[in-house]
Amino acid sequence: KYCALDIHLWSSFNKMEQLLDALVKALGSDHSSLSSYRIVTGGMQGTSTWDEDHKTIGPVIEQTRSCDGADYIREGDLNSKETHDIVTEEALGLLQGDGALAAVMCGPTKEDCKSLDAVSRHKSIDEVIFIPTCPELAAASEFSENIGDIMVRCEKEILTALRATASSKGRISAFVVDPSAPVTMVKIASSIWSSQRSFFQLLTEHFIIVSLMSDHRDSWRKRHNFIDRVRKALVYDPMFAAELVISSSDETMEVGILSTEDTEFFIHLEDVAKNVERRTSGLDVVVRKVQGALVRAQDEFDPQYFRNDDYYLEDSLNQYANQKSFGRQTVFQLTINDGGAPTSSAAIEKALSETIADLEYTVTEGVVLIEKEIGDGAMAATVMKEGTVVVAWDGDVRVDINLFTFDETEALATDFMTKFSERIPKLQLLLRDEQPRGINRVVNFAEDFIKSEEF
């Protein structure tokens, strides 16, 4: 004995399980013989329970921070030196160990460099190399005709200074790009650190790169790309690149981070985000993206391969053999596009009746239209010898069609949708979901089955 039910709820969704239990009981069955699935479709405008539904739909948003008085970030606080120092200090907390040598790439002068003081004071850093923008580069435009030659000369100067420092004081553990550094200097940094030769000569095994972005918003993506280019160029694992977005009520800054040899990077990155939020009392910190590097090659890797019959397949094969499909269910979700006017309940009823007549279906129960006490829209349904169809209109521009036919031909459902759409001006398909209806956990249409002796 088989009974199939389609339940379309456009309000009081929290009662779905109660409704399911009541229907199973009313049919004299139990949950051991029940299988079900859900499809999210359009709703209904003007439902009486919407205010209550709004409280129970989706994730519950809780306010965990006081937004009153001094706890709320004030306009201008995000770009203050105090906030900038906090972000820099916490990002440098990704360093492992003490006695580190750091380099800070800045604008033309130390006075322009917001990060320099915070890096110099950090407990894990013993000495800082100040890398100012080359004077010739500072005087030139990014789009100057000879900018390429100027950048080459500047890169040579910086590399010479870094190599001299590495020879006398050791390799660098932290490289910080200050917001005052122009894009041309960021490109030079990208060229230097994308070189494996520079990587092994100048950087420690565990190092971090931090790129701070609070000024010149139009260059932020280029600064993130610098981090990503280094990640892709250095065949190294473990290596992680992260993008952090730090925002107040009306301002935003971003931070790009690259870290190597940190097997607990995600834990440490979470600490950075939490500490910035805690110390700034009002800033929101979101980790937008984290990417890894290429996986390190394993010497003498000997993988184990499995054959199909190494797996336990009896249950799945029994389900495949015993399932039985009775027909095809297709749910079409449509909308009126391009400024088309909302339709009406009369138009929905007429379109359904004409489509059924056009396809020469045999109607056993005429089209029933329901438009009272269900919201602003309407629902039209009919039972045919060939199957059933329910059309729901939300009172605005959304129309959902739930079509079941004993004939599982896909083209038949497509033909129904096409002919119906032609009768509603500017009605276009958004989504189409289809599945077999039947027994024994059916997941395949009849045309998908093969004879049992073939598998």
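So what is the relative contact order of the chain, in percent, for Cα pairs below 8 Å that sit 6 or more residues apart?
14 percent
Read through the labelled values (i) 62, 29, 23; (ii) 40, 24, 23; (iii) 89, 32, 14 and report the label of the one computed as semi-axes √(5λ) of the Cα gyration tensor in Å from the structure.
The value computed from this structure is option (i).
Report, by chain and number, residues whose modeled amide H sits under 5 Å from the one on ALA100, excluding near sequence neighbours (fewer than 5 apart, same chain).
So ALA100 has HN proximity to ILE125, ASP126.
Determine the distance separating the Cα centre of segment 374-437 from the Cα centre of segment 99-139; give it in Å without decimals.
A separation of 65 Å, based on Cα centres.
Please name whichever of VAL286, VAL230, ASN275 sits farthest to the positive end of the charge dipole of segment 81-292, dipole taken about the Cα centre and charges placed at Cβ: Lys and Arg +1, Asp and Glu -1.
VAL230
Once you have the Cα-Cα distance between GLU127 and HIS268, take 0.36 nm times their residue separation minus that, and quote the gain in nm to one decimal.
Going from the current span to full extension adds 48.4 nm.
Setting aside same-chain residues fewer than 8 positions from LYS222, which lysines have a Cα under 26 Å from its Cα?
Counting by Cα, and skipping residues close in sequence, LYS222 has these lysines nearby: LYS81, LYS110, LYS114, LYS156, LYS187, LYS232, LYS289.
Arrange the following residues from fewest to most other Cβ atoms within 10 Å of their Cβ: VAL287, VAL128. Don't jump to the answer; show the numbers that get you there.
Values: VAL287 15, VAL128 20.
Least crowded to most crowded, the residues run VAL287, VAL128.
May I ask you to evaluate 6.51 cos²θ - 1.76 cosθ + 1.60, the Karplus curve with θ = phi - 60°, for each residue of segment 137-142 and list the ³J(HN,Hα) values in order in whole Hz, giving x for glycine and proline?
These are the phi-based 3J(HN,Hα) values: 6, 5, 7, 9, 8, 4 Hz.
Using the Karplus curve 6.51 cos²θ - 1.76 cosθ + 1.60 with θ = phi - 60°, what ³J(HN,Hα) values do you get for each residue of segment 390-402, in whole Hz, with x for Gly and Pro?
With coefficients 6.51, -1.76 and 1.60, one gets 10, 10, 10, 10, 7, x, 10, 10, 9, 9, 10, 10, 10 Hz.
Across segment 152-159, in residue order, what do the Karplus-derived ³J(HN,Hα) couplings come to in whole Hz, using 6.51 cos²θ - 1.76 cosθ + 1.60 with θ = phi - 60° and x for Gly and Pro?
3J(HN,Hα) across segment 152-159, in whole Hz: 5, 5, 5, 4, 5, 4, 5, 4.
For ASN322 and ASP302, what is the calculated FRET efficiency with R₀ set at 35 Å and r taken between the beta-carbons, to the nearest 0.05?
Calculated value: 0.30.
Just want to confirm a number: the relative contact order over segment 335-455, from Cα pairs under 8 angstrom separated by 6+ residues, in percent.
25 percent
If one takes the longest principal axis of the Cα atoms in the chain, at what angle in degrees, from 0 to 90 and to the nearest 10, does the Cα axis of helix 265-280 lie?
For 265-280 against the chain, the angle is about 80 degrees.
How far apart, in nanometres, would the label points at GLN435 and GLU17 be if each is projected 7 angstrom from Cα along the Cα-to-Cβ direction?
Each label point is offset 7 Å from its Cα along the Cβ direction, giving 1.9 nm.
Hey, rough spin-label estimate for ALA139 and ASN225, points 7 angstrom out along Cα→Cβ, what's it come to in nanometres?
2.8 nm
What is the helix-to-structure angle for 81-92, meaning the angle in degrees between its Cα long axis and the longest Cα principal axis of the chain, kept from 0 to 90 and rounded to the nearest 10?
80 degrees
Between 0 and 90 degrees, rounded to the nearest ten: what's the tilt of helix 410-421 against the longest Cα principal axis of the chain?
90 degrees
Excluding the sites themselves, what is the longest stretch of the chain that contains no trypsin sites (Lys or Arg not before Pro) in a DSSP loop with at most 15 other C-beta atoms within 10 Å? Spell out each step's value before the answer.
Values: sites that count: LYS1, ARG38, ARG65, ARG74, LYS123, ARG296, ARG307, LYS372, LYS385, LYS426, ARG441, LYS451.
Excluding the exposed sites themselves, the longest stretch runs over 124-295.
Report the label-to-label distance for ARG163 and THR109 in nanometres (one decimal), using points 7 Å from each Cα along the Cα→Cβ vector.
In this crude label model, ARG163 to THR109 measures out at 3.2 nm.
Going by C-beta contacts inside 10 Å, put ILE356, ILE188, ILE336 in order with the fewest on the left.
Taking fewest neighbouring Cβ atoms as first place, the list is ILE336, ILE356, ILE188.
Calculate for the chain the 222 nm mean residue ellipticity that helices alone would give, adding -39,500 (n - 2.57) per DSSP H run of length 4 or more and normalising by residue count, nearest 500 deg cm²/dmol.
-10000 deg cm²/dmol
With charges only on Cβ, +1 for K and R and -1 for D and E, what is the dipole size of the chain about its Cα centre, in debye, rounded to 20?
About 800 debye.
Among the lysines, which fall within straight-line cross-link reach of LYS55, defined as a Cα-Cα distance under 21 Å, with same-chain neighbours fewer than 8 residues apart omitted?
By straight Cα distance, LYS55 reaches LYS15.
If you restrict to DSSP beta bridges whose two residues both lie in segment 81-292, what percentage is antiparallel, to the nearest 5? Each step should come with its number before you reach the end.
On the way: 23 of 38 bridges.
Counting only bridges with both partners in segment 81-292, antiparallel ones make up about 60 percent.
Each reported figure results from applying straightforward, stated rules to the coordinates on display, with no laboratory input. Only a predicted model underlies this, so the values are computations on that prediction, with no experimental measurement involved. Positions of Cβ are generated from backbone atoms using ideal geometry, with glycine treated the same way; all protein chains shown enter the neighbour counts.
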